[in-house]
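The values are calculated or read from the model by the stated rules, or taken from the named source; none is laboratory data. None of the values given here were measured: they were computed from a predicted structure. Here the Cβ positions follow ideal geometry from the backbone for every residue, glycine too, while neighbour counts run over all protein chains shown. These area figures cover heavy atoms from the full protein model, side chains too; ligands, DNA and RNA do not enter into them. Shrake-Rupley method; radii C 1.70, N 1.55, O 1.52, S 1.80 Å.
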Amino acid sequence: MVTGRHPVTGPDVVRFRSLLAGADRSLLGGPGATGGAGGAPSPLGLLAALALRVSDRLLSATGLRDGVVPIHGAQRLRVLRPVLAGDVLLSTASVASVKPLGAGIATEVVVGFTAETGDVLAESTALLVHGPPPTGPTPAAGPARPAGPPAARAESAAGEEAPRTSSFAVTRALLREYAEVSGDHNPIHQSESAARAAGFSDVIAHGLLTFALAGHHLAGFAGEDRVSELRLRFARPLVVRPGGAVVSVTDNPVPGHDPDGLVLRAVDGDGTTFATGRAVLRLRHGPYNT
């Protein structure tokens, strides 16, 4: 177990939010997508990135990262109270499970965040896959196709709600900027040679960048303070060639009687799904979840 203390500064919040807004081709301009710190909730991606840094410290201390290639397999973030600029977070990280996965291992790490008052703020659960480099490179994605502006939520011909979609431009420059703001400097996200040595056809995007883009999508129409849970599972890496990649994040209501639940999907420029997940929204004027 490792612990830490993490001040959340206004400049950190503004820089992270600006990075996401700069990648957004959708121009949703919703209640939580853009703007300065100003007491507004921090982006979900910022909190997830902080949790990964804490997890990395834990795995380095236990030796679980020695000689292996770390890849994000899944991420879940539950927020009981939105984190604001000026908050000081206390973290506690522990390994929940370690299981064999092929020639490598899958490690589940739980990071809890509390305020200095002792109030529980959030909990991150990450599935980190650590394994030796694959024997052959992953296939390259096809050329990215431009995505048009998304339609707002609307009624379909059958009377059902149409999905909301946000489109993002993921470039090598965005990967470099994300590495700086998140602290995730894994070379497979920056160096073609490092990515190919790890078995990928080219540089791949950070899994938590996709997670952050999904959070930005939700904030664009609901506001960041309404997202109480976001979870994604990564089915395959997003390859980012020199010309960049296009990512579209779509949400649909959860089938059945869950008005606050959403099913999420992230697809690349070829229309191939590379991440899926769910989100839960708070009631618009309701209290924070406990």
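Scanning segment 248-269 for residues that are closer than 30 Å to residue 121 by Cα and touching a Ser or Thr at 6+ places or on another chain (Cβ under 9 Å) returns 248, 249, 250, 251, 260, 263, 264, 265, 266.
Taken across segment 248-264, residues that are among the β-branched types (Val, Ile, Thr) and touching a Gly at 6+ places or on another chain (Cβ under 7 Å) do occur, with at least one present.
Quick check, is residue 251 in contact (Cβ under 8 Å) with a residue 12 or more places away in the chain, under 17 Å from residue 44 (Cβ atoms) and crowded, with 22+ Cβ neighbours inside 10 Å? For residue 251, the condition - in contact (Cβ under 8 Å) with a residue 12 or more places away in the chain, under 17 Å from residue 44 (Cβ atoms) and crowded, with 22+ Cβ neighbours inside 10 Å - is met. Taking each residue of segment 162-187 that is over 15 Å from residue 202 (Cβ atoms) and looking for partners that are among the polar types (S, T, N, Q) with beta-carbon atoms closer than 6 Å, six or more apart or interchain, yields 162/156; 163/250; 163/252; 165/248; 165/250; 166/26; 167/26; 167/248.
Quick check on segment 281-290: of everything there that is at pLDDT 70 or above and open to solvent by less than 50 Å² (accessible area, probe 1.4 Å), which residue is farthest from residue 213 (Cα to Cα)? Give the steps one after another, and end with the answer.
First pass over segment 281-290, keeping only residues at pLDDT 70 or above: 281-283.
Next, from what is left, pick out any that are open to solvent by less than 50 Å² (accessible area, probe 1.4 Å): 281-282.
Working: 281: 16, 282: 19 Å.
Within segment 281-290, the match that is farthest from residue 213 (Cα to Cα) is 282.
Restricting 200, 274, 211, 221 to residues that are assigned to a strand (DSSP E or B) and of a type in the set (Phe, Trp, Tyr) narrows the list to 274. Among the residues of segment 23-31, is any at pLDDT below 95, open to solvent by less than 10 Å² (accessible area, probe 1.4 Å) and part of a loop (DSSP other than H, G, I, E, B)? Scanning segment 23-31 turns up no residue that is at pLDDT below 95, open to solvent by less than 10 Å² (accessible area, probe 1.4 Å) and part of a loop (DSSP other than H, G, I, E, B). As for segment 152-165, it holds no residue that is at pLDDT 90 or above and in a helix (DSSP H, G or I). Entry remark, segment 247-262: residues being under 14 Å from residue 166 (Cα atoms), aliphatic (A, V, I, L, M) and modelled with pLDDT under 95 number 0 in total.
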